[in-house]
Amino acid sequence: MVRGSCLCKAVSFEIDGKTTDIGMCHCSKCRKVSGVASNANLIAARDRLRWLSGEDQITKFELPGGWGPWRCSVCGSPVPKLRPDGGAYWVPVGLLDSDPGVRIAGHIFVGSKAPWDEIAGQAPQLRDGFGSERLN
Ligand SMILES: [Zn+2]
Ligand SMILES: [Zn+2]
């Protein structure tokens, strides 16, 4: 069991059971959404994530094409977002308040990372998505 919350604690949730490892996405869209070099997310099945508070405080930003973050409408933190297929959530791992017990599975879209981005560690660095060419 791991719990997570936004900066102001209005939105909180818990995940019961197994999640994926962490994906670090360095693509240009994730840079815009996060404001930093890469987005760190894991995936949790929909029925494994339970909102503890603030589900009604979530603002669902959506650009044409469906891409966009869900955020706490009080503090602006990103919050878990339901995937388009509805079966699972993307969970920004920075929200987690304890160790989820999983580690970085890989860095994706490294082929289009920012020129100033330095990637540390031994995790695979992949040109595009998972399954694409490994660069390290
Ligand atoms: Zn908040
Ligand atoms: Zn991305």
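The values are calculated or read from the model by the stated rules, or taken from the named source; none is laboratory data. Treat the numbers as computed from the prediction; the structure is a model and nothing was measured. Positions of Cβ are backbone-derived with ideal geometry, glycine not excepted, and every protein chain shown enters the neighbour counts. Just so you know, the surface numbers come from the protein's heavy atoms only, side chains and all, with ligands and any DNA or RNA stripped out. Shrake-Rupley method; radii C 1.70, N 1.55, O 1.52, S 1.80 Å.
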| Fully extended contour minus Cα-Cα distance, from T20 to R3, at 0.36 nm per residue | 4.6 nm
| task | List the extent of the Cα atoms of the chain along each of their three principal axes, largest first, rounded to whole Å. | result | 41, 32, 27
| Of the accessible area of segment 1-69, with the probe set at 1.4 angstrom, what percent is carbon plus sulfur? | 51 percent
| Simple Cβ-charge dipole of the chain, Lys/Arg +1 and Asp/Glu -1, about Cα centre, in debye nearest 20 | 180 debye
| message | With a cut-off of 8 Å between alpha carbons and a minimum separation of six or more residues, what is the relative contact order of the chain in percent? | response | 28 percent
| Is it possible to state the helix-based mean residue ellipticity at 222 nm for the chain, with each DSSP H run of 4+ residues giving -39500 (n - 2.57), the sum divided by total residues, to the nearest 500 deg cm²/dmol? What is it? | -1500 deg cm²/dmol
| request: Determine, for the chain, the count of lysine pairs separated by eight or more sequence positions (or lying on different chains) whose alpha-carbon distance falls under 22 Å. | output: 10
| query | chymotrypsin sites (Phe, Trp or Tyr not before Pro), restricted to segment 1-66: which are DSSP loop and have at most 16 other Cβ atoms within 10 Å? | reply | F61
| message | Could you report the chain's accessible area per residue, 1.4 Å probe, as an integer in Å²? | response | 57 Å²
| message | Cut-off 15 Å, label point 7 angstrom out along Cα-to-Cβ of F130: give me the residues of segment 10-32 whose amide nitrogen falls inside. | response | 18-26
